[in-house]
Amino acid sequence: MPVRNLLFADLETTGLDAGHHETIEVALILTSPDGRTVLEEYVAKVKPEFIERAHWKALQVNGYTPEEWTDETCTPLAVVAQKIVDMAKNATLVAQNVSFDESFLTALLAKAGLKPTWHYHKVCTMVLAWPLYAMNKITGTSLVSLCEYFGIPPEPTVHRALNGARTCRSVYLAEIEHYMRSAA
């Protein structure tokens, strides 16, 4: 089986339901299979079509303002979707809550008439943290808990996709290092 590059993803959305809410920012970090070498980073804002459907809490978390999501500051959906397809080709998708990010990525691609190109195997940093939680070493599997446990600076209060993807990658690398030390 070929070794696959990793694609760390983080999205900012207008809510939690990929069938109802929209992606408004995408960040992708393509790395070597071990996650250590960054091959490419991509970040883009996407102008929402249905901002009236947004949940106020989601917009508060990601700092959405109409002034920051204009035609001039946003990338057309078709361009973002094609970039996702190109970067994800046969890579392993990695995210803090991979089911959430994958559902929104898939919905975004569908709006552009495209299909996912990432490999069917995926990695979730929350799932990787489960043994630490089960052994009462961490209080939860949130990104905040994981950053605290591993001594990684947490995301700012207002989340943005690129710092989320970078933080996810840092947590992933710390988790892998932890388990490799434990196995030695």
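Structure summary
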quantity: Any hit, the range 61-79, residues being modelled with pLDDT of 95 or more, part of a loop (DSSP other than H, G, I, E, B), in contact with a Phe, Trp or Tyr (Cβ under 7 Å, 6 or more places away or on another chain) and of a type outside the set (A, V, I, L, M, F, W, C); calculated: no
quantity: Positions within the range 141-184 being out of contact with any Phe, Trp or Tyr (no Cβ under 7 Å at 6 or more places or on another chain), closer than 25 Å to Leu28 by Cα and outside any helix (DSSP H, G or I), in sequence order; calculated: Ser142, Gly151, Ile152, Pro153, Pro154, Glu155, Pro156, Thr157, Val158, His159, Arg160
quantity: Answer residue from the range 28-42, given it is part of a strand (DSSP E or B) and surrounded by 17 or more Cβ atoms within 10 Å (Cβ to Cβ) and is farthest from the chain's Cα centre (by Cα) among those; calculated: Thr31
quantity: Subset of the range 133-146 [surrounded by fewer than 18 Cβ atoms within 10 Å (Cβ to Cβ) and not hydroxyl-bearing (Ser, Thr, Tyr)]; calculated: Ala134, Met135, Asn136, Lys137, Gly140, Val144
quantity: Among the residues listed as Thr75, Thr157, the single one being over 15 Å from the mean Cα position of the chain (by Cα), of a type in the set (Ser, Thr, Tyr) and closer than 19 Å to Leu7 by Cβ; calculated: Thr75
quantity: Residue check, Phe104 within 17 Å of the chain's Cα centre (by Cα) and under 13 Å from Pro48 (Cβ atoms); calculated: yes
quantity: Single unsatisfied condition, Leu77 versus (1) under 18 Å from Thr117 (Cβ atoms); (2) surrounded by 14 or more Cβ atoms within 10 Å (Cβ to Cβ); (3) touching a strand residue (DSSP E or B) at 6+ places or on another chain (Cβ under 6 Å); (4) aliphatic (A, V, I, L, M); calculated: (3)
quantity: Close pairs from the range 89-110: first within 13 Å of Glu12 (Cα to Cα) and in a helix (DSSP H, G or I), partner basic (Lys, Arg) and at pLDDT 95 or above, Cβ under 8 Å, at least 6 apart; calculated: Glu102/Lys122
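The values are calculated or read from the model by the stated rules, or taken from the named source; none is laboratory data. Because the structure is a prediction, the values reported are computed rather than measured. When we count neighbours, we look across all protein chains shown, and the Cβ atoms used for this are built from the backbone with ideal geometry, even at glycine.
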